Amino acid sequence: GKGTYPYYMLKEIDEQPAVMRNLIQQYSDAQSRLTVEEDILKAVTECDRIYIVACGTSWHAGWIGKKLLEKYVNIPTEVHLSSEFGYNMPLLAKKPFFIFLSQSGETADSRQVLVKLNEMKLPSLVITNAKGSTLSREATYTMLLHAGPEIAVASTKAYTAQIAVLAILAKVCGETQAATKVQAQTFDLVHELGLVATAMESLIDEKDQVEKLAEDYLKETRNAFYIGRGQDYYVSMEAALKLKEISYIQAEGFAAGELKHGTIALIEEGTPVISMITDTATHAHTRGNIKEVESRGAHTCVMAMEGFERPQDQLILPKVHEDLTPLISVIPAQLLAYFATLQRGYDVDKPRNLAKSVTVE
Ligand code: M6R
């Protein structure tokens, strides 16, 4: 049950630090070293291209996974929507490997792809929260999210758990590859995920601050934009999905640099533009893009990671390893969606027109 919580979504947001710590335990061996099943490790490291296939929030987690896999395992990785992939399949590499991300393990759009791949005798891994689910039974391999049941329609802890599991997979596989060995070994993921858990806790403790931001920026608005670059762009897409699916605010996540190629026309006096800044390569560019929308009347809200913050920013994100910043920047976005929904008077856990698992194509 949801205990003393008013909604499952809030409970599930709060559980994320514990999920991070549990994942470290679940994927550690007796020597406290992260491990992945030998067969999975072999399948990943022997392929020449990885295809991540998923829907919705899981698809958004896939983008973070792509960055981790390319950096630590040195294998080109593509991210695809299940509903597109099956009927519009790209030309596949010679030795493809498929990673399905699915909290429920029951998503019909993903299953139709898996059925086709099985007919083609191609290997796959499903990363899922549901042991014994359809996708888990039909995929070649399974890795579990160990996040505990996720009841709220809006996915929260499954997203962060998927990213953490993909990070574990990337690190462990990377350690066996000549090209990435040193880099993967120096990535002390057990330590870094521990820091992430602590940083998540401190953000969750500052809920009141996020509640005020929701009131300032989202309570009355018709639309809202999230912007960022790199990882922050991927999290912006997830942040916008969270907001639209439960608060019904028309929201979109954009690559900050792409605004001036069309979208900036939508900015009016008072349009909320929430930006995320955690990325070394692009933080200065994003600042420039914030200025551009501000001068056109946008009501800007900046969430910046320690090291990139400025005195006028609305929220400071505690610093974590640069490859894991999505695990932190998504937390205020989840809370903003939660509070905006409450303030607008809607049911947080059961939004209209949606079901927890989507079992039709
Ligand atoms: O169970 P799955 O991860 O396969 O579900 C995929 C999407 O339907 C799901 O993430 C959906 O987008 C969520 N309601 C988003 O919060």
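By a 1.4 Å probe calculation restricted to protein chains, VAL358 has an accessible surface near 70 Å², given to the nearest 10. The angle between the Cα long axis of helix 189-205 and the main principal axis of the chain comes to about 30°, on a 0 to 90 degree scale.
Helix 283-294 and the longest principal axis of the C-alpha atoms of the chain enclose an angle of approximately 40°. Under a 5 Å amide H cut-off, with hydrogens placed 1.01 Å from N, GLU78 pairs with ILE50, TYR51, ILE52 among residues at least 5 apart or on other chains.
Suppose every K and R has +1 on its Cβ and every D and E has -1 on its Cβ; what is the size of the dipole of the chain about the Cα centre, in Debye to the nearest 20?
600
Under the criterion of Cα pairs below 8 Å and six or more residues apart, the relative contact order for the chain equals 19 percent.
Figure note: THR140, THR282 ranked by solvent-accessible area, largest first, 1.4 Å probe, ligands and nucleic acids not counted: THR140, THR282. Nonpolar atom fraction for the chain, defined as the carbon and sulfur part of the 1.4 Å probe accessible area, stands at 49 percent. Axis of helix 56-73 versus longest Cα principal axis of the chain: the two differ by about 60°, to the nearest ten degrees. Secondary-structure-derived ellipticity at 222 nm for the chain, considering helices only, amounts to -14000 deg cm²/dmol, per-run term -39500 (n - 2.57) for DSSP H runs with n ≥ 4. Applying 0.36 nm per residue to the separation of LYS121 and SER357 and subtracting their alpha-carbon distance, the gain on full extension is 82.3 nm. Placing pseudo-labels 7 Å out from each Cα toward the beta carbon at ALA265 and ARG137 gives an inter-label distance of 5.0 nm.
Roll a 1.4 Å probe over the protein heavy atoms and report the accessible area of GLU215 in Å², nearest 10. Roughly 100 Å² of GLU215 is accessible to a 1.4 Å probe.
Average accessible surface for the stretch 6-58: 44 Å² per residue, computed with a 1.4 Å probe over protein heavy atoms with every protein chain in place.
Per residue, the accessible area of the stretch 103-238 comes to 37 Å², computed with a 1.4 Å probe over protein heavy atoms only. Between LYS94 and ARG222, the simple label model (points 7 Å from Cα in the Cβ direction) yields a spacing of 5.6 nm.
The values are calculated or read from the model by the stated rules, or taken from the named source; none is laboratory data. Just so it is clear, the structure is predicted and the values come from calculations on it, not from any experiment. Here the Cβ is made from the backbone with ideal geometry for all residues, glycine too, and neighbour counts use every protein chain on show. Calculation scope for accessible area: heavy atoms of the full protein, side chains included, ligands and nucleic acids excluded. Shrake-Rupley method; radii C 1.70, N 1.55, O 1.52, S 1.80 Å.
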